[in-house]
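Below is one structure, written out as structure tokens, with a few remarks after it.
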Amino acid sequence: MFSERTNWRLTQNRFTQAVEEVRGRGVRVLDLTASNPTRVGLEYDSSAILDGLRSERALDYDPQAKGLLSAREAVARYYRERCSRGERDVASNVSTDRAANPQGSFQVDPERIVLTTSTSEGYSYVFRLLCNAGDELLVPKPSYPLFEFLADLQDVKLVPYPLIYDHGWQMDFHSMEKAVTARTRGVVVVHPNNPTGSYVHAGELGALNQFCRAHGLAVIVDEVFLDYALDDEISAADAVELRSTGQPMAAVPTCSLAASSFIGNEDVLTFTLSGLSKISALPQMKVAWVVTSGPPEEVQAAIARLEVIADTYLSMNAPVQWAVPAMLEQRESVQRQLLERVRRNLAELDRQLAAQKACQRLGVEGGWYAVLRVPVTRSDEELAIELVKEKAVLVHPGHFYDFESDGYLVLSLIAPEADFEQGIERLLDLVSH
């Protein structure tokens, strides 16, 4: 009766069962997988957000396939402001080594922007645009597990290419050359990657464009965590000093404005996805977008087809579109809070790791997550189950993100600081013994 594309395994796995069992006993579990920014104790300007939703213009139905022009102009303004502030950082000698493509004075034409209700919907639009049933896309590994479901729903085949860790994460172009076939239509890049926190570096961008030109491929870039860059990692000693003095972690230099977007990538057809879910920490408002760049003729053809796809669904609702300018204005306050949370938790993790030898943290350049390398005494799933059962600590096993081997746990850096500190203590106590 049902399609093969939805033939997923829907029974609970052992890990989920263990979590529900512990919580069912009334035990408070320290959640180090927290990804919902609205439930980690942030302060929002609720009046400004709610006022933005009260526009009387929302009573008029004005179906614009790419989204209301005022909302698209607000998104273009976000990139323009980010660009100009990034230029000031560069002028102040802030390093752009981790910037994929310095934006310069690049201006985003609102006509190149298509609004969607989520980046997931944005992916589905681009997958439909590029791929026939059975066509292939190259995707990074490790990375976010949602890609598999999105591809299944579009009848697209995913072919992984590895990210290699050697004093930092790197794209494996040799493996990509071996993976590409006549049915490959594009390369998915997550910038910075979830969960590795690694950006595409300038040298990699050139190699990526060259690879895509040679094989006639598009680039699909997920930039939802772009604004959460950590330029210089804080040492354990620095962390102790900062915590003892009470100095705000946000005062530590960051390159969050210098880590550049792919919106200015004109060498190959490029689709850049982002949205309010992370930029303004408002996932419930369901506002995202796709920005198209590249050779002019290809961009024009892509936009025309995307507009038809968007017009077929018209999924964006008017109240939230009219509120986009107000919601984007909230980003600076919430991003400061999140960056401070991430830096403090990262510093606390390093402080505790410095006192033991069993585990180590892999390098992280941005985003909300950290990867912990642990001794391989059992599978990652078994370790995660033991942690929740014995220590009431919830972490993600590495295989959730397609790590190639056991020995990795993924931790959220936006968890409340007290929970994070206590959770790491319990985790290290179990692993060390």
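Just so it is clear, none of the values below were taken in a lab; they were calculated from the coordinates. From a predicted model like this one, the values you see are computed outputs, not experimental measurements. Cβ atoms come from the backbone with ideal geometry, glycine included; neighbour counts cover every protein chain shown.
Ranked by the mean number of other Cβ atoms within 10 Å of their residues, highest first, the peptides 260-271, 37-48 come out as 260-271, 37-48. Taking label points 7 Å from Cα along the Cα-to-Cβ direction, Glu417 and Leu53 give a separation of 3.0 nm. Extent along the principal axes, Cα only, for the stretch 322-433: 52, 29, 26 Å, with the longest axis given first. Only beta bridges with both residues in the chain are counted; by DSSP, about 55 percent of them are antiparallel. Here the extension length gained between Arg77 and Ser432 equals 122.8 nm, from 0.36 nm per residue of separation less the Cα-Cα distance.
I'd like the FRET efficiency for Ile164 and Ser379, computed as 1/(1 + (r/R0)^6) with the beta carbon distance as r and R0 of 25 Å, rounded to 0.05. It would help to have the intermediate numbers written out before the result.
On the way: r = 22 Å, r/R0 = 0.89.
Working from the Cβ atoms, E equals 0.65.
Computed across the stretch 133-186, the Kirkwood radius stands at 11.8 Å (inverse of mean 1/r, all Cα pairs).
Across the stretch 173-213, Cα-Cα distances exceeding 17 Å account for 36% of all pairs.
Full-extension gain between Lys357 and Glu43, please, as 0.36 nm times their residue separation minus the C-alpha to C-alpha distance. Write down the numbers at each step before the final one.
Values: separation 314, 0.36 × 314 = 113.04 nm, distance 3.70 nm.
Gain in length upon complete extension: 109.3 nm.
Between Gln284 and Asn13, the distance separating the two model label sites (each 7 Å from Cα on the Cα→Cβ line) works out to 2.8 nm.
Inter-label distance, Thr312 to Asp109: 2.4 nm, where each label sits 7 Å from its Cα along the C-beta direction.
Given a cut-off of 32 Å, name the pairs among Lys278/Lys391; Lys141/Lys389; Lys141/Lys357; Lys178/Lys389 whose C-alpha atoms lie farther apart than that in the structure shown.
Details: Lys278/Lys391 30 Å; Lys141/Lys389 29 Å; Lys141/Lys357 27 Å; Lys178/Lys389 43 Å.
Check vs 32 Å cut-off fails for Lys178/Lys389.
For the stretch 118-240, the alpha carbon positions stretch 54, 31, 18 Å along the principal axes, listed from largest to smallest. In the chain, inverting the average of 1/r over every pair of distinct C-alpha atoms gives 22.6 Å as the Kirkwood radius.
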